[in-house]
Amino acid sequence: MKTINVIILLAAMLASSKTLAQCADNSCTFAYDIEQPVVQESKYTQTDLDCLYKAVYNETGGNESQGASMVVATILNRKHSPLFPKNVCAVVYQKAQFTNVTKVNPKKITSKTKDVVHKAVEMYEKGLLNTSVLFFHADYVRPSWSYKKKRVTKIGNHIFYR
């Protein structure tokens with residue numbers, strides 16, 4: 001129990017910029033609710049996440065071996081590109097871009113898909129996903145535009161381009 005108290009005290013001191021010497025005589029008080037988890041504020045709304053869930057579910061089934069994280073990267077890269085709409089859902093619902101997202105039943109989206117999307121968004125925000133990919137297609141089709149783009153990688157049955 002004392003170890004937990006010391007950890008909480010150290011965390012509170014770090015959050016308040018107090019030093020151990022300043023708090024050695026128990027003169028420091030901290031308001032710290034250990035029941036409330038610390039949640040990092042997201043740049044993305046629940047609506048944005050719902051659109052990402054639908055696109056990733058339809059394109060990959062939430063399967064990393066099919067490039068789920070790269071699908072997220074593609075959507076977020078498009079959001080930041082002057083060539084595409086400026087919000088996640090507008091990118092996802094742009095005509096003829098992502099497979100049947102209008103027909104996805106939200107009840108079919110698995111927790112696995114949601115977890116993959118959350119991890120991919122976090123990786124993207126940390127700069128750990130490709131920031132140049134703007135296009136992809138399944139390897140069993142050859143869209144005419146693909147010959148004009150620079151191929152970046154192939155994951156599962158998806159080929160990604162910039």
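So which residues in region 103-160 are in contact with a Leu (Cβ under 7 Å, 6 or more places away or on another chain) and of a type outside the set (Val, Ile, Thr), if there are any at all?
Selection gives ALA120, MET123, TYR124.
Counting only residues that are polar (S, T, N, Q) and surrounded by 13 or more Cβ atoms within 10 Å (Cβ to Cβ), which one in region 133-159 is farthest from ASN63 (Cα to Cα)?
Ranking the qualifying residues of region 133-159, first place goes to SER146.
Does at least one position in region 63-80 carry a residue that is at pLDDT 85 or above and either at positive phi or more than 18 Å from the chain's Cα centre (by Cα) (or both)?
yes
Of the residues in region 83-93, how many are in a loop (DSSP other than H, G, I, E, B), free of Cβ contacts under 8 Å to residues at least 12 places away in the same chain and surrounded by 13 or more Cβ atoms within 10 Å (Cβ to Cβ)?
1
Which condition from (1) within 15 Å of TYR44 (Cα to Cα); (2) modelled with pLDDT under 90 is the one that ASN105 breaks?
Every listed condition holds for ASN105 apart from (1).
The values are calculated or read from the model by the stated rules, or taken from the named source; none is laboratory data. Note that the coordinates shown come from a computational prediction; the quantities given were computed from them, not determined experimentally. A quick note on method: Cβ atoms are made from the backbone with ideal geometry, for glycine too, and the neighbour counts reach across all protein chains shown.
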